[in-house]
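So the structure is just underneath, and the comments pick up after that.
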Amino acid sequence: MSFHGMPGRIVPAPEHHGEPPPSTARRGFLRRAAALSGGALAAGAAGGVAAQGGDLGRNLPPNVPDYSKSLGAPVLASPYGVPSKYEKNVLRRESPGLTRTPHSSVAFTPLQSLFGIITPSGLHFERHHGGVPDIDPHQHRLMIHGMCRSPRIFTMDDLMRFPSVSRVHFIECGANTGMEWGNVAVPTVQYSHGMLGCSEWTGVLLSTLLDEVGYDPKARFVLAEGADAAGLTRTVSMEMALDDVMVVYGQNGEMLRPEQGYPLRLLVPGVQGVSSVKWLRRIELGDQPWNTREEAIHYIDLMPGGKHRQYTWIQEAKSVITSPSGGQVILDRGYHEITGLAWSGRGKIRRVDVSTDGGRNWRTAKLQEPVHTKSLTRFRIDWNWDGGPALLQSRALDDTGYVQPNYRQLRAVRGTRSIYHNNAIQTWRVAPSGEVSNVQVL
């Protein structure tokens, strides 16, 4: 699709969960303000427009801007770089009322505000079961024992001397989109899909460490235990452990952040996030699963007949449009770029299809390189909005041939009473006013 002139403008989604979309009068003001400022209404610009009031044009061409008339901040004004103050609203956020305590809660990634596929470390979603421990890496150890020839206790220095690997993988909480199983529950993509992040992880392959301790060929599972107050434990199959599971100390080129497991975590690519145990302190090898609390009571799938399905580890192929998305407002008719993210716990994304009419017709989107295995993949497609109602959807297909289901297909198998592993097609409704909202199409 070709276009002429500037792409259409979109007002960012409200930063707070319950904040209403702009009123008709407000949208008119934003259109005029954006036109005066040269047509670029970026994230956070709405607040800036209001603050500057009648002085909008002072720093715009052909005037020389105020910040060009004096020296800026010196080198090392901020020894560790931080985002601009104008991006202060791009934050992880809690969903009000979702959990009873902030120590066992979730903070969601602002997917609507991000570019590419890498999630900044400071915006990667948080999920904790007993708060974030303050661990001195010099006092931290990893013990590997059980069905092995030579049990070992490793220091951080020991682990960082092993041959390392760096790989890009997503982590998705098994409960991501869990609030939407029965009906629409949240307004924006941050809350519907924001238990998701993707980083370049650095560490040592678990298989290397298992070779070091001489694992027993009869071992079928490993148990990973964290050093947090919850003592979180998860079973991982030996097949996965010997494949691509990593013991990680680095994220996006630096040491892990405390909320991401500093100084050491497990990474089980493609598997629900709870298995990537943070603050990793112990790995035990055994010949059967442990059926711990987090795999016998939680992180299990309630099926329509009343049975619970256990050890459904894999995060199946899934996608979501991040722009336009819920809470945003489209100001202009004409050309827009639809963009979003797709991922699969079974491998690479092969294709993403996009519909603007609720799934009646589909077009194939362009996948942005690179396309990694078990990683987020960015997709894009051109769209000419005529000002009428639209239903925006994306549908992912991975390299195993698996196709992301719609809600009717998913509920036919899983029902509506589950929490985990909701990978149904997401629908955003665009009203003639330009307001974008969360809906479900069956």
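Couple of notes before you dig in:
- Unique match (being more than 21 Å from the chain's Cα centre (by Cα) and surrounded by fewer than 14 Cβ atoms within 10 Å (Cβ to Cβ)) among Pro370, Pro389: Pro389
- Counting residues in the range 405-423 that are buried (at least 21 other Cβ atoms within 10 Å of the Cβ) and either out of contact with any Asp or Glu (no Cβ under 9 Å at 6 or more places or on another chain) or free of Cβ contacts under 8 Å to residues at least 40 places away in the same chain (or both) gives zero.
- Number of positions in the range 415-436 that are outside any loop (DSSP other than H, G, I, E, B) and within 23 Å of the chain's Cα centre (by Cα): 4
- The C-beta contact set for the range 319-334 (first residue closer than 24 Å to Thr377 by Cβ, second residue basic (Lys, Arg) and part of a strand (DSSP E or B), distance under 7 angstrom, 6+ apart or interchain) comprises Ser319/Arg395.
- Residue count for the range 305-334 satisfying the condition of being closer than 21 Å to Pro269 by Cα and among the acidic types (Asp, Glu): 1.
- Extreme residue, surrounded by the fewest Cβ atoms within 10 Å (Cβ to Cβ), among residues of the range 94-107 that are more than 20 Å from Pro133 (Cα to Cα) and touching a residue at least 24 places away in the same chain (Cβ under 8 Å): Pro96
- Hits in the range 368-384 (condition: over 14 Å from Ile171 (Cα atoms) and polar (S, T, N, Q)): Gln368, Asn384
- Looking only at residues in the range 40-58 that are exposed (fewer than 13 other Cβ atoms within 10 Å of the Cβ) and either at pLDDT 50 or above or assigned to a loop (DSSP other than H, G, I, E, B) (or both), the one that is nearest to the chain's Cα centre (by Cα) is Ala40.
- Here Ala396 passes the criteria (1) small (Gly, Ala, Ser); (2) modelled with pLDDT of 95 or more; (3) outside any strand (DSSP E or B); (4) under 27 Å from Gly182 (Cβ atoms) except the one numbered (3).
- Scanning the range 59-103 for residues that are part of a loop (DSSP other than H, G, I, E, B), over 20 Å from Met179 (Cβ atoms) and of a type in the set (Lys, Arg) turns up Lys69, Lys88.
- Test for Ile381: is it β-branched (Val, Ile, Thr), touching a residue at least 24 places away in the same chain (Cβ under 8 Å) and under 30 Å from Lys307 (Cβ atoms): no
- Filtered residues of the range 175-223 (kept if on the phi > 0 side of the Ramachandran plot and touching a helix residue (DSSP H, G or I) at 6+ places or on another chain (Cβ under 7 Å)): Thr177
- The range 137-162 residues that are among the polar types (S, T, N, Q), paired with ones that are in a loop (DSSP other than H, G, I, E, B) (beta carbon under 7 Å, 6 or more apart): Ser150/Gly214
- Only one of the numbered conditions (1) surrounded by fewer than 16 Cβ atoms within 10 Å (Cβ to Cβ); (2) within 21 Å of Arg411 (Cα to Cα); (3) of a type in the set (Val, Ile, Thr) is violated by Ile300, and that is (1).
The values are calculated or read from the model by the stated rules, or taken from the named source; none is laboratory data. Keep in mind that what you see is a predicted model, and the values were worked out from it rather than measured. Cβ: placed from backbone, ideal geometry, glycine included. Neighbour counts: every protein chain shown.
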